[in-house]
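Scroll down for the structure; my scribbles are underneath it.
The values are calculated or read from the model by the stated rules, or taken from the named source; none is laboratory data. Only a predicted model underlies this, so the values are computations on that prediction, with no experimental measurement involved. Cβ: placed from backbone, ideal geometry, glycine included. Neighbour counts: every protein chain shown. Note: accessible area is taken over every heavy atom of the protein model, side chains too, but ligands, DNA and RNA are not part of it. Shrake-Rupley method; radii C 1.70, N 1.55, O 1.52, S 1.80 Å.
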Amino acid sequence: MTRTVHVIGAGLAGLACALRLSGEGRRVALYEAARMAGGRCRSYHDPSLDLVIDNGNHLLLSGNGAALDYARRIGAMGELVGPKDCVFDFLDTRNGERWRLRPNASRLPWWIFVADRRVPGSSPGDYLGALGLLRAKRGATIGEAMDCSGLLYERLWGPVLLSALNMDPREASAELAGAVLRETLGAGGAACRPLAPRRGLGAAFIEPALATLAAAGVTPRYGARLRAIEFSGERAVALDFGEERVALGDDDAITLAVPPWTAQELLPEIVAPDDFRGIVNAHFKIAPPPGQPPLIGMIGSLTEWLFAFGDRLSVTISGADRLMDEPRESLAERIWTEVAAATGLPRALPPWQIVKEKRATFAATPAQQRRRPDAATRWRNLFLAGDWTATGLPATIEGAIRSGDRAAALVTRM
Ligand SMILES: Cc1cc2nc3c(=O)[nH]c(=O)nc-3n(C[C@H](O)[C@H](O)[C@H](O)COP(=O)(O)OP(=O)(O)OC[C@H]3O[C@@H](n4cnc5c(N)ncnc54)[C@H](O)[C@@H]3O)c2cc1C
């Protein structure tokens, strides 16, 4: 049996891997370069707002089986909240039209035949266009697999695929879009209920995971940045953290759950995604107006998704590379103007924070999809995890957790 498993990186992939292995009674050593766990999925106290905010709003769907299983195992299901049925509110900011998309729970999509459940102005036949994603050839883009124009694309497929893939869908991988579609809408509305963390990402995904690990005797070593891995033949034999060198025992294993650019530095011979896309989040410290839906998809505006929390309104803009150099003040102004108009709140800018994540996800293009490595490497005791490994999904919580689970399964079989 493996002696110690060294898990490098305490993002969701590393945490998922550490939870699986410690749950099986294995000895786990968890190392994290930052001062806190969570990686790209974290909460922190923002001093200028005096609020705990997330680095970015994260949405799960009820069909994200690995993520929900993770939440269940760490006792955090109560932290994920959403409507009991699949409901998505939308607003077309160009003409003020509002609607609720309400796919029925079962796989048979009869909702497309019911006018007030589907997108206004669309007809049932329009929805067949998305079938192209399920039949797409390997390596095809969404633009090649389906018609990316017309009302339904503007009001449904465009915004949904942009947020799922974090890039202009036309250039994105149809294979990845098909995988998302198959596991969500294709599985019926029961798999598409939106779920968001009630008190933030930390309370939902990170703190309960750390508590579960602590109960199993695993405490992350923070500020531990892996600098190099030493190899001998087919095995990794030592970890170099700069000030500390950890020699590996004969049966020890490593799961490298770091971002792709770090993995590539540590293992120059692996091929990994090297093109990324950004996400901008805007947080406004203001109570949402009464009746504000927890989530609205906004069409025709810079604002794409508006989340309402008890103490703030937060906006997500995906594929946001074009905004990375825009001054934060002007972004806050532009976004708030749209949010104020959508909510009826006063035009005066409330306290705000803009969070720009430049490398939020790998670019979900067919070319980058080909660069995603499997969890197993040519070294017998070294495995990869992370949303960028070959999970078959775009960079998501679900993909990150599946990758950690897979690396743990490979360690177990070693
Ligand atoms: C703004 C934003 C919004 C998002 N929205 C959604 C959403 O709505 N739904 C969804 O499903 N997904 C969303 N995602 C994606 C999701 O957050 C990621 O897929 C997931 O968090 C990735 O987890 P990971 O463990 O693979 O990587 P990471 O979170 O990047 O974890 C890697 C960890 O390794 C550590 N590390 C790096 N180098 C070293 C080193 N040398 N030694 C030790 N440790 C190291 C890092 O500090 C980090 O903690 C979003 C991401 C962002 C940024």
Once all Cα-Cα distances of the range 276-362 are split into 10 Å bins that start at 0, what whole-number percent is in each one? 18, 54, 25, 3
Using unit Cβ charges (K, R positive; D, E negative) and no other charged atoms, how large, in debye to the nearest 20, is the dipole of the chain about its Cα centre? 780 debye
GNM result for the chain, Cα springs below 10 Å: residue of Leu59, Leu201, Leu108 fluctuating most strongly: Leu108
If we count every other residue with Cβ under 14 angstrom of Arg371's Cβ, Lys/Arg +1 and Asp/Glu -1, where does the sum land? -4
Accessible-area composition of the range 26-66, carbon plus sulfur, in percent [1.4 Å probe]: 54 percent
Listed residue (Thr141, Leu162, Leu128) projecting farthest to the positive dipole end of the range 103-192, Cβ model: Leu128
Relative to the present Cα-Cα distance, how much length would full extension add between Ala34 and Arg235 at 0.36 nm per residue of separation? 69.7 nm
Ranked by GNM mean-square fluctuation in the chain (Cα springs under 10 Å), the top entry among Gly139, Gly11, Gly200 is Gly139
Pseudo-spin-label distance Arg378 to Lys358, built 7 Å along Cα→Cβ, given in nm, is 3.2 nm
Given points 7 Å out from each Cα along the Cα-Cβ axis, report the Arg98 to Glu326 separation in nanometres with one decimal. 2.5 nm
Whole-angstrom Cα spans of the range 103-192 along principal axes, big to small: 34, 25, 21
Accessible area (Å², 1.4 Å probe, nearest 10) - Cys192: 10 Å²
Using a simple spin-label model with points 7 Å from Cα along the Cα→Cβ vector, what separation in nm is obtained for Ala367 and Tyr222? 3.9 nm
On full extension of the chain, what length is gained from Ala247 through Ser123, given 0.36 nm per residue of separation minus the C-alpha to C-alpha distance? 38.3 nm
Would you kindly state how much longer the chain becomes between Val52 and Arg170 on full extension, computed as 0.36 nm times their sequence separation minus their alpha carbon distance, in nm to one decimal? 38.9 nm
Among Gly319, Ala216, Pro350, whose Cα projects farthest towards the positive end of the dipole of the chain, with charges put on the beta-carbon of Lys, Arg (+1) and Asp, Glu (-1)? Ala216
Note to self: C-alpha centroids of the range 29-60 and the range 267-319 sit apart, in Å, by 15 Å
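Would you please calculate the Kirkwood hydrodynamic radius of the chain over all C-alpha pairs and express it in Å, rounded to one decimal?
Result for the chain, one decimal place: 22.2 Å.
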